[in-house]
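The values are calculated or read from the model by the stated rules, or taken from the named source; none is laboratory data. Owing to the predicted nature of the structure, the values given are computational and were not obtained by experimental measurement. Positions of Cβ are backbone-derived with ideal geometry, glycine not excepted, and every protein chain shown enters the neighbour counts. Just so you know, the surface numbers come from the protein's heavy atoms only, side chains and all, with ligands and any DNA or RNA stripped out. Shrake-Rupley method; radii C 1.70, N 1.55, O 1.52, S 1.80 Å.
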Amino acid sequence: CLFFLADGDLDFELLYPGWSGLAIITPIIYGLGINIFMLLFMRGFLHIRTVYPRLSRLTGAWIWLLIGEAGLIAYAYGFSSQVSLRVVVYVIGAICVLGSWTIQLWGIILRIRDRYKPAYLYGLALLCVFITVVIYVSHSFALVSLSIPSWLYVPIGFSAEVFILTIALMYSFNFYKTRHQELTLHLAHQQLDFSVQMWQVQEAER
């Protein structure tokens, strides 16, 4: 929501009217925030921490890199007027965003290779966001001209992502609920078999 407000230059009017200069950097910082939360969601939803600990550590390190980049952007555009510094910060930001997308894509590929079904839904949700981001960037750099304003198609793309992720979460919940029931039943059978074996041993001793 903050990104949508900043994209329409409404955030400084509604949230911090005395700091109109923040309108330059807030869309970028909110965009980095979106990447941070997407990495956190990917690591939790796909269970990267337990299945692929190295990728999980890389994800954590990249999240801190994105946070550091947000601080650099605030310094370069809020407290410094050096063009060279802003260019360096811009390049680092582009690398950070591309890296976060690469990590998410790699996590999806690994989990699809493991035949983890929720990864397919997560990949579809990420595809919606990717298409939206490509259209948004192309429109921002005047590479394409669209009759639809950005404040309309960007929410549509993210709404599609939220809808698909909601289905994915429901599927994941039902999957683990069924898995838990199967494990509970299996444990009960094991306990019953063990009790029968103990009874047979006691009868044999008698």
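Can you pull out the trypsin sites (Lys or Arg not before Pro) in segment 27-119 that DSSP calls coil and that have at most 10 other Cβ atoms within 10 Å? If you can, show how the numbers build up before the last one.
Working: sites: R43, R49, R54, R57, R86, R111, R113, R115; in loops: R115.
Sparse-neighbourhood loop trypsin sites (Lys or Arg not before Pro): R115.
When the chain is modelled as a GNM with alpha-carbon springs shorter than 10 Å, which of F45, F130, F194 fluctuates the most?
F194
Given the peptides 32-41, 184-193, arrange them by the average over their residues of other C-beta atoms within 10 Å, most packed first. Please report the intermediate quantities before stating the final value.
Values: 32-41: 17.3, 184-193: 10.0.
Those peptides, ordered most packed to least, come out 32-41, 184-193.
Three principal axis extents, largest first, for the C-alpha atoms of the chain, in Å?
92, 35, 33
When only C-alpha pairs under 8 Å and at least 6 residues apart count, what is the relative contact order of segment 53-172, in percent?
23
About its Cα centre, what dipole magnitude does the chain give when the only charges are +1 on Lys and Arg Cβ and -1 on Asp and Glu Cβ, stated in debye to the nearest 20?
The dipole magnitude comes to about 540 debye.
Using a 1.4 Å probe on the protein heavy atoms, what percent of the accessible area of segment 56-206 belongs to carbon and sulfur? Display every interim value, and only then the final one.
Values: 7370 of 10370 Å².
Whole-percent figure for carbon plus sulfur exposure: 71.
Before rounding to the nearest 500, sum -39500 (n - 2.57) across all DSSP H runs of length at least 4 in the chain and divide by the residue total; then give [θ] at 222 nm in deg cm²/dmol.
Values: 8 runs with 170 residues, N = 206.
Calculated from helices alone, the mean residue ellipticity at 222 nm is -28500 deg cm²/dmol.
Once you sort the root eigenvalues of the Cα gyration tensor of segment 163-203 as a ≥ b ≥ c, which label holds: rounded (a/c under 1.5), prolate (a/b larger than b/c) or oblate (the other case)? Intermediate values should be presented prior to the final figure.
On the way: a/c = 11.00, a/b = 10.41, b/c = 1.06.
Prolate, since a/c reaches 1.5 and a/b exceeds b/c.
Over the chain, with the other protein chains present, what is the accessible area per residue in square angstrom, probe 1.4 angstrom? If you can, show how the numbers build up before the last one.
Working: 13490 Å² over 206 residues.
I get 65 Å² per residue for the chain.
Loop-only chymotrypsin sites (Phe, Trp or Tyr not before Pro) in segment 65-117, please: DSSP not H, G, I, E or B, and at most 10 other Cβ atoms within 10 Å. Before the final figure, lay out the partial values.
Numbers: sites: Y75, Y77, F79, Y90, W101, W106, Y116; in loops: F79, Y116.
When the chymotrypsin sites (Phe, Trp or Tyr not before Pro) of segment 65-117 are filtered for loop state and at most 10 Cβ neighbours within 10 Å, F79 remain.
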